[in-house]
Structure formats: C-alpha cells, structure tokens
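Below is one structure, written out as structure tokens; comments come after it.
The values are calculated or read from the model by the stated rules, or taken from the named source; none is laboratory data. A quick note: this is a predicted structure, and the numbers were derived from the prediction, not measured. Quick reminder, even Gly has a Cβ in these numbers, built from the backbone with ideal geometry, and neighbours come from all protein chains shown.
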Protein chains: 2
Amino acid sequence: MKLYTLLLVATSCLAQNNADTLVSPQVHADRKVTFRILAPRANEVTFFGDWMALNTKEKMTKDGNGVWSITLGPLPPSIYLYSFTVDGVTIADPVNPRIKLRARTSASMVEVPAEHAALWQARDVPHGAVEINWQKSKAINGETRWIWIYTPPGYEKGNRRYPVLYLFHGSNDTAGGWVLAGQANFILDNLIAEKKAVPMIVVMPYGHAVPFGSPREVQAKNTSLYEEYILKDVMPLVESKYRVAPGRANRAIAGLSMGGGQSIHIGFSHLDLFSAIGAFSAAVPSDFDKRFAAILNDPKSTNAQLKTIWIGCGKDDFLIKRNQEFSELLKSKQIRHVFALTEGAHTYTVWRKYLGEFAPLLFQ
Amino acid sequence: MKLYTLLLVATSCLAQNNADTLVSPQVHADRKVTFRILAPRANEVTFFGDWMALNTKEKMTKDGNGVWSITLGPLPPSIYLYSFTVDGVTIADPVNPRIKLRARTSASMVEVPAEHAALWQARDVPHGAVEINWQKSKAINGETRWIWIYTPPGYEKGNRRYPVLYLFHGSNDTAGGWVLAGQANFILDNLIAEKKAVPMIVVMPYGHAVPFGSPREVQAKNTSLYEEYILKDVMPLVESKYRVAPGRANRAIAGLSMGGGQSIHIGFSHLDLFSAIGAFSAAVPSDFDKRFAAILNDPKSTNAQLKTIWIGCGKDDFLIKRNQEFSELLKSKQIRHVFALTEGAHTYTVWRKYLGEFAPLLFQ
C-alpha cells in the first residue's frame, strides 16, 4: 500500500462510509444546487435549507447505490445553511467541510457565488484580518472565552486609531458566526475599498453568557450578565490592546436576533458609551417601553445623542411584528431612526445585507 | 408563545429532533465519558473514538426513548475526536458544538480535562492571539486562502521582533486545526509563561494546495505546489506584515503527518531559509535518500546548518516503520537528530505533546 493510500485510510477512518468520492453540495452553473448523502440503509431522508419556510422539508430520492439526492434552485447568490434528516436524525452534510459552528447543533453551508463578486464575497481588495483573543472572564465565572476581532487593512502599519463596532451574533451561534457565516470581514473590506465605510475595528464576542439551552429562569439572566461581560471584560481588552479612537462618538453597537436585543439593551442603557445602535431582525426587549421610558420621553436629548438607530427586519421574519411595533413606538415618541422593512426571513442572507447598509452610516 | 421560545424554535429548526435536552458528550468526574445520540428509528449505531484502534467500532445501546448511548473510559486527559455511525452513515455528534473542522469529513471533539490544567489547556497566564489572514494566492490559482497566525502575549506592545515557526497540519485538516484541535496557542502561551520556550510567531497555512480528495496524479503535485505557495505567498506576507526576526536562525519548520512530510521536504530543500525541522508522525517523503543525497553525504555541513532535527512517532502509529527508517538513514549518515519513539498513535493527543517537546528547542 502506498503512503498516500495509507494516509487516506487513516484520515478518513472517522467517515469510513465509502463516501470518499461523493460530491455534496454541487453548485451548478445555473445556480441550481444538488445535495447528496450516502445512506443505503435509510428509509427516509429529507432536506432543509434556510431559504425554505421554517419547519418544512423536501424529500430526497435514493438511487441504486444508496445515494439520496435532491436538486433545488436556482438560488440567488448567497451562503445558505442546510441539513439532512436521516430517519429522524438531523445532521450536517457528512462530506461538506463548510460547517456552521453553533452553540449546540450544527449545520452545513453552501455558497452560491454571484457572477461578479457580491459585497459579502472576497474581492481582489486589501483584506483586513480577524484576530481571535482568549481572555479569562471576570464577569463570567473565570471562564476563558474567545473574542473575534476584525482589524481593517493596514491596521498593523502606523499609529492611526480606529472607531469600533461591537457586533453581536444570534442565539445558538458562536463568536465566529459573523465571520464564518456572515462574511463580516469581506463586507468591511469591500466597503472600505469602495470608501463607503470608514476603516473600523469590529469586535465579535460570544453572546451566550449563560450556557445555551439553560432552563428559562437561567436564560432570563443572559442579557444582564452579557452586559456585565461586555463592560468589564470585552471593552477593557479592546480599549487596552487595540488602537481605538476614544469616546462614544467612535463606538457603535449592533447585532442580529438575540444579539440585536442585546445591542438595544446595552446601547440604550449606555448612551455615554455608544452613539449608534443597529438591530438586525432583533429580539427587541419586551419591556423596552418601561425600561427606557426616560429616553423615549426626551426625544430632543435622545436624538442629539444617538446619531444612528438602524432597525432592519424581513417581511417573512417571525420577529417582524415585534420590530414593526418597536419602530412604531420610537416614531410615536419622535425618536429618529431608520426602519428597513426588507424582503427575507431570519437568515444570514438578510443580515449580510443589513451590515452592508449599516456600516456605511457609522463614524462619518 | 414567549419570545425566548420563539427564538429557540427558530434557531433549532435545523436540528429539530427533540434532541434539545440531550447531553452529549458527558464527561464524568472519574474521566469516563458518556456519548449519546437520539435515533429512535435506527437499527444499529456504533461509536469510534480516536484513542481506539483504527477501523474498530464500539456498539451503542438504545434505551426506551430512542437514545443510543455508550460510556467509555476512564480516558487520560486530552481532547479526543469521535464520531457515530448510524445505520452505516458516519457523522459528527449532532448536539456537540465542538466540531473538528476538516478538508472533507467532520468529527466531534470531547475534552477530558486534567485535574491541574495540562500544557495544552488554557491556564491563567497571558494569552497570545491567533490572527486569521486572508490572501489572494499567486501560487494557487488566485484562490483567496486563509492563514492562521499565532502572535505571543504582548506582541502588540513595543517593537520587538520575533522568530517564526511554520507549523503544518495533516491530511484532511484545515489551517485552524493546530489551534482548534491542537491547542497550539495554549501550548505556546504556557511554555512562554514558564520560560521554557521563547516568545515566537507561529504560522499555520492551509496544507492542501491541490483540493483534498483529488485523483492520485493530481495529489502527487501537492507538496511541490505547497512549497511554491509557502515561498511566494505565505512567507512574503509574514515577513512584510509581522515583526519577524530576520534570517534562517530565526525560522523553524514543522508539521504533523502530511505536514511533517511537507516540512521535511521544504526544510531540507531550503537550508538557506530554515535552521530547525520538526517531523511529527511524518509522512516522510519516499524519495528522501535520493532527493537529499548531497545533504546526507555532507554531515559536517548539514549538522552545522541544522541546529535541530526533531522526529517523533508513536509506537502504535501506522507510519512508525517509515519514521524509524528515516531516523536510521540519518543516523547511518551521521546527521544529528532527535528521534522520539513514544507511546500513542496517529492523533492530536500525541502531536500536542510533540509540540510541547519541540518548541522549547527553538531559537535559544
């Protein structure tokens, strides 16, 4: 046996199902995508992709070799999440290395590229970097947690100081989500290259301060503990390690879903620290009107302090009503804000666009 | 329905198998580990962990709720890779977020912590960071590839220049492997804190220059194309962006398995660039004796140039014979080197130890 064969045998032993030559996903030139899984002994295999309606599934078809497949689309260019359900067990695609890391369950990702590189794709422009920092948290049980931090192209040169966007992920995601699924780094690279956004640092912490999946009474403490974590651990690290421009005018806070709720809560609680708030398909805090009554009832001061409040939600998002009500509330109180009511649902396909809309509004 | 419930429904929809409360893996105080998967309709579920012999499996047992489980161990402290095979389909653990990213197939990871933090665990010491850089490759088809780069604690302060270790992963791994599974960052943090290793930069590129799983005749070109990639893309980025100490005395090259073969090939081909070579369970090039005859036949010059040649391989590794032969060859030619014949097989459990042995030998 040749060495190369030996290596293949060894390295594929955790997936020894003769799936070594199976191709999945396969993105065709017409933007249709074929998904495949080798499961000869399965009785039923179904497919879910995050462009589909929640809780729907497509049936896959088995061929004579035990390969189940389905071809869907054409799909608009994006990166989609998908999973298979094999006789009731929902799994990521076993042969696709592009995994959506999560707080608990995982799924796979498929990229349907645009003919000309879209804003979220890598273009031939200077690239920033994303630095993973590890920090023993004072706020959260002495846990060593990671924080992903984007620095713009050329950061390592010179002594320039940069404004900072704190950017939060959603429930069941990770600190890497905005990079690995959200392509936040490429979106910023491209906006900066086009001079649509100013060079900025983007700080992406891990948003589950209590363990994901905790009982509801524990989960209820997540936002306040996360707030403490941001204030006592994350911000001091950022302000001491990175060349950040000082003051609230140079700080923005934004997030998606759960992270949108967190950025609303933390942002409005600390107008002394942040001058812009972004809420993407946000889990708007249900007690917003009571908690922030003073801010709501003083539009002159609030509007003077918050340069940008940007709210975006898709028409098909299960949080649309709450976001519409939030915008209505702000409007009724004459709090200046943008409400972007867009196509789409609760997916990164939408959130990448929102970051592309929001980042250019900041720090200029 | 409360908002929190809504969010859970939405975010878990890709794994809607009522596995929301299932715990897997569960590491017990006695270092036994229970693995579980909910698969009520499966007929056979087996388990493989990378501490087991290759191509063996353990049968799992189904309970009345359709949960298959197995308890194994006690296991020595380490991070292990494992997978389930459900009716012939090998998959990562659907509810464990700690995924071993790979070039093709994926597996899960379980950490069995040591009573006192081991060298590969996060200790309460200053932490370095790992920066992900994206670069459009000149050598490889204009592909935008990522490179993971460790910088030691305090790198951002001052103007000190650091020596560089180029550290390569194995076949079917990714540029993140040495961090996410190998814990290279914590190993370096801990060695540096103990003053056992000098602060250094560690460069971790993606080792598949031709796509993983290519036909053998394409795969045969991987090493030479990777060499070109390292020389034309990776090293220029490192030398221009980072504060690196100049010259061959400040450069080492090492890798595991396929990456060990690459570091042998590139290291011995470029004695002008590297002064230390590490080969961990290496896929030693089969034509080494012919290709490097000049080096083998001039031990005085070779020994003067190569400060360190470190070869490590486990007794249970399928590559042990080839590594023993490699050491014998060097010995017969009076080429000075260390050959560490250790316990263990072809796993990160071994490679973490090797990095802990190798790094202290460098640059001092």
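A compact table of results
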| read-out | value |
| --- | --- |
| Any chance A:GLY154 is surrounded by fewer than 20 Cβ atoms within 10 Å (Cβ to Cβ) and of a type outside the set (S, T, N, Q) | yes |
| Residue in segment B:299-320 that is acidic (Asp, Glu) and more than 20 Å from the chain's Cα centre (by Cα) present | no |
| Residue list for segment B:243-286, restricted to those being over 23 Å from the mean Cα position of the chain (by Cα) and within 11 Å of chain A (Cβ to nearest Cβ) | B:ARG243 |
| Residue that is modelled with the lowest pLDDT [pool: residues in segment A:1-17 that are of a type outside the set (A, V, I, L, M) and exposed (fewer than 14 other Cβ atoms within 10 Å of the Cβ)] | A:THR5 |
| Residue ID - farthest from the other protein chains (Cβ to nearest Cβ), chosen from residues in segment A:20-32 that are over 24 Å from the mean Cα position of the chain (by Cα) and of a type in the set (A, V, I, L, M, F, W, C) | A:ALA29 |
| Selection status of B:PHE168, within 11 Å of chain A (Cβ to nearest Cβ), over 22 Å from A:LEU22 (Cα atoms) and either buried (at least 24 other Cβ atoms within 10 Å of the Cβ) or touching a Lys or Arg at 6+ places or on another chain (Cβ under 8 Å) (or both) | no |
| Subset of segment B:317-336 [of a type in the set (Asp, Glu) and either more than 19 Å from B:GLU357 (Cα to Cα) or not assigned by TED's automatic domain parsing to the domain that holds B:VAL350 (or both)] | B:GLU325, B:GLU328 |
| Scan of segment A:267-283 for residues that are over 14 Å from A:LEU362 (Cβ atoms) and surrounded by fewer than 24 Cβ atoms within 10 Å (Cβ to Cβ), ordered by number | A:PHE268, A:SER269, A:HIS270, A:LEU271, A:ASP272, A:LEU273 |
| Strands (runs of 3 or more DSSP E) wholly inside segment B:33-146 containing at least 2 residues that are buried (at least 20 other Cβ atoms within 10 Å of the Cβ) and more than 7 Å from chain A (Cβ to nearest Cβ) | B:33-38, B:45-49, B:78-86, B:107-112 |
| Residue pairs meeting the criteria (Cβ under 6 Å; at least 6 apart or on separate chains; first without any contact (Cβ under 8 Å) to a residue 24 or more places away in the chain, in segment A:315-333; second among the β-branched types (Val, Ile, Thr)) | A:SER327/A:ILE311 |
| Filter result (aromatic (Phe, Trp, Tyr) and either in contact with a His (Cβ under 7 Å, 6 or more places away or on another chain) or surrounded by fewer than 17 Cβ atoms within 10 Å (Cβ to Cβ) (or both)) within segment B:311-364 | B:PHE318 |
| Members of segment A:56-94 that are of a type in the set (A, V, I, L, M, F, W, C), in contact (Cβ under 8 Å) with a residue 40 or more places away in the chain and touching a Lys or Arg at 6+ places or on another chain (Cβ under 6 Å) | A:VAL67, A:LEU75, A:LEU81 |
